[in-house]
1. Mind ordering 283-290, 143-150 by average Cβ neighbours within 10 Å, highest first?
2. Round to a whole angstrom and tell me the spacing of the C-alpha centers of the range 1-51 and the range 65-128.
3. Would you mind calculating the gained length between residue 273 and residue 22 on full extension (0.36 nm times residue separation, minus the Cα-Cα distance), in nm to one decimal?
4. What is the spread of the Cα atoms of the chain along each of their three principal axes, largest first, in whole Å?
5. Tally the DSSP beta bridges in the chain and give the antiparallel ones as a percent, rounded to 5.
6. Tell me what the chain gives for mean residue ellipticity at 222 nm when only DSSP H runs of n ≥ 4 count, each as -39,500 (n - 2.57), the sum divided by the residue total, rounded to 500 deg cm²/dmol.
7. Per 0.36 nm of contour for each residue apart, how much would the distance between residue 66 and residue 187 grow if the chain were fully extended, relative to their Cα-Cα spacing?
8. Between residue 77 and residue 106, what length comes free when the chain is fully extended (0.36 nm per residue of separation minus the Cα-Cα distance, one decimal in nm)?
Amino acid sequence: REVLLDVQNLKTYYPVTGGFFKRVVGNVKAVDDVSFSIRKGETLGLVGESGCGKSTTGRTILRLLKPTDGKILFEGKDITKVTGSKLQKARRDFQMVFQDPYASLNPMQMVGDIVAEPILNYEKRNKKELEQEIKALLTRVGLPEEAYYKYAHEFSGGQRQRIGIARALALNPKLIVADEPVSALDVSVQSQVLNLLKELQIEFDLTYLFIAHDLSVVKHMSDRIGVMYLGNLVELASNRDLYREPLHPYTQALISAIPEPNTAIKKERIVLEGDVPSPQNPPTGCPFHTRCPMAMEACSKEKPPLKEVRPGHFAACLLY
Ligand code: SF4
Ligand code: MG
């Protein structure tokens, strides 16, 4: 199917201010030259430790943050620099499901109003009709119709996330960026919410950018997966190839840390030394060289580009 979203050399830097006059003293390179595309109906997972730039990537794509450089093409249209009413119009097609269903819903607002709000931002609607529509949507995400008249604080975490999902669906978007949508939930309800997202994807013909730090959650959800480290995309492959044969030493370490349910298979766990360096002062050369068990001399000098090592399997590493 055709490409829905095409991200080219995206950079999102935050200025860092310091001193008495709050002068700009540097940049945090939160997203540093990231490229990928997502086809219609596909789920692209994005994994990496916290602070690696996954959320910033998602937010920049939705234009909740301003990109520093690069291009974002949505259905072939360049939305990198659109502003005002054009941005407002473009935003109809993409929505976000947030990590924290507690913080992202207004506790003082009736659930019906929370879900209707995005629609009313765009359209004048008949009140009765809209109410029916919202109730149908609430039922579809697994909530009772009466939820319409209640307040967000009256619901459990999993139910609140269902409200958040209903709100994201209200405008019938094409792309949903789900940023750690289950990581604040109890493990027992995580898979229910994930399965709901999968059902809705088929029913509403949705495309997902699915962000998570949990590799088993991403594996469950994604067709293809991108691995981020320190603002860089270091590996990109199909779900199967990534778990079967991770190429980048960072991905290999992440995957080796997944608990193996079958104890007959003993995997060698690769333990990484040290912390992730500061994105304000990233290492020269390969961003991973300070922790890489395979590092060679050239790794501190040369930054490896993301390269197609096998068909459809990309890695940014000088070993290939
Ligand atoms: Fe490790 Fe060098 Fe590959 Fe970077 S380029 S991941 S330091 S081997
Ligand atoms: Mg995050």
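Please treat every number below as a calculation from the coordinates, not as lab data. From a predicted model like this one, the values you see are computed outputs, not experimental measurements. When we count neighbours, we look across all protein chains shown, and the Cβ atoms used for this are built from the backbone with ideal geometry, even at glycine.
1. Ranking, from highest mean packing down: 283-290, 143-150.
2. 19 Å
3. On the way: separation 251, 0.36 × 251 = 90.36 nm, distance 3.46 nm.
Net length gain for the segment: 86.9 nm.
4. 69, 58, 44
5. Given both bridge residues lie in the chain, the antiparallel proportion sits at roughly 65 percent.
6. Values: 9 runs with 91 residues, N = 320.
Only helices count here, giving -8500 deg cm²/dmol.
7. Numbers: separation 121, 0.36 × 121 = 43.56 nm, distance 3.42 nm.
Using 0.36 nm per residue and subtracting the Cα-Cα distance, I get 40.1 nm.
8. Values: separation 29, 0.36 × 29 = 10.44 nm, distance 3.32 nm.
Separation in residues times 0.36 nm, less the Cα-Cα distance, equals 7.1 nm.
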